[in-house]
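For reference, the structure is listed below as structure tokens.
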Amino acid sequence: SNCDGLTTVEIPSNVVELGDSVFANCDYLKTVQLPDGLTKIKAGAFRNCINLKNINIPVSLTECSSDSTGKGMFSGCSKLTSLEIPMGMTIIPEDMLFEAAALQTIVVPDSVTTIKSNAFGACSSLVHIWISNNTTNIAADAFVHCDALTIHGVAGSQAQTYAQNQNIPFSTDPL
């Protein structure tokens, strides 16, 4: 790729969309500062940024896309330990954090209604996720190979039903 040596990126405030694979495979990228006003991140934008540790997701973000080739926005970001999903998002797309192996805890905001296939697949360090009562559509393989996971949510919610159907521990304890 053309990003050898790039360790930090600050996206200008006038940018509202990041294109397909814009920073994909930037092996040395560690920190990204996204602007308030960014509304869309396309497929694979930060895919395989193996040293990415710090990124802010602005509350203005409402859409993240993926494509049929498994290019999730943060797939393969193996050192990303935390990520705050913004309140404006309604769908967590396919493969969004696939193989984000250092990710430990996620809170899915109330705005999210759908978690798609492999959204958190192979997040081997993912221990806790809070899924709100508003999330009513969770793909059967959304958390495949997340062997240490406990799903947290409201008793009687779709999150609890999903956890029971997938033999994943469930807790009503808040995160």
Could you calculate the contour length gain from Thr161 to Val127, that is, 0.36 nm times the residue separation minus the distance between their Cα atoms, to one decimal place in nm? 10.4 nm
Is there a quick way to get the dipole size of segment 35-137? I mean about its Cα centre, with the Cβ of Lys and Arg at +1 and of Asp and Glu at -1; what is the value in debye to the nearest 20? 240
For the chain, what is the relative contact order in percent, using Cα pairs closer than 8 Å and at least 6 residues apart in sequence? 13
Relative counts (whole %) of C-alpha pair distances in segment 109-158, using bins that are 10 Å wide: 27, 58, 15
Suppose a student asked you for the relative contact order of segment 25-87, using Cα pairs under 8 Å spaced at least 6 residues apart; what percent would you report? 39
Tell me, in nm to one decimal, what length is gained between Glu10 and Asn51 on full extension, where the rule is 0.36 nm per residue of separation less the Cα-Cα distance? 13.1 nm
Could you calculate the contour length gain from Gln104 to Ala148, that is, 0.36 nm times the residue separation minus the distance between their Cα atoms, to one decimal place in nm? 14.9 nm
Measure off, as a whole percent, the carbon and sulfur share of the 1.4 Å-probe accessible area of segment 1-115, all protein chains present. 47
In whole angstrom, the spacing between the Cα centers of segment 18-62 and segment 127-175 equals 26
Output the relative contact order of segment 78-175, whole-number percent, from Cα pairs under 8 angstrom with separation of 6+ residues. 23
Hey, if you drop one equal point scatterer on each alpha-carbon of segment 65-145 and run the Debye formula without solvent, what base-10 log of I(q)/I(0) do you get at q = 0.11, 0.20, 0.25 Å⁻¹? -0.23, -0.81, -1.29
If I measure Cβ to Cβ between cysteines in the chain, which ones have no partner under 4.7 Å? Cys49, Cys64, Cys77, Cys123, Cys146
Rounded to the nearest 10 Å², what accessible area does Ser65 have for a 1.4 Å probe in the complete protein model? 30
In debye, nearest 20, what is the charge dipole magnitude of the chain about its Cα centre with +1 on Lys and Arg Cβ and -1 on Asp and Glu Cβ, if you could check? 100
Over all distinct Cα pairs, what is the inverse of the mean 1/r for segment 17-69, reported as the Kirkwood hydrodynamic radius in Å? 11.3
Can you pull the percent of Cα pairs in the chain with separation above 18 Å? 58
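The values are calculated or read from the model by the stated rules, or taken from the named source; none is laboratory data. Quantities reported herein were computed from a predicted structural model and do not represent experimental measurements. Note: ideal-geometry Cβ built from the backbone for every residue, glycine included; neighbour counts use all protein chains shown. Side chains are part of the model used for accessible areas, which takes the heavy atoms of the whole protein and leaves out ligands, DNA and RNA. Shrake-Rupley method; radii C 1.70, N 1.55, O 1.52, S 1.80 Å.
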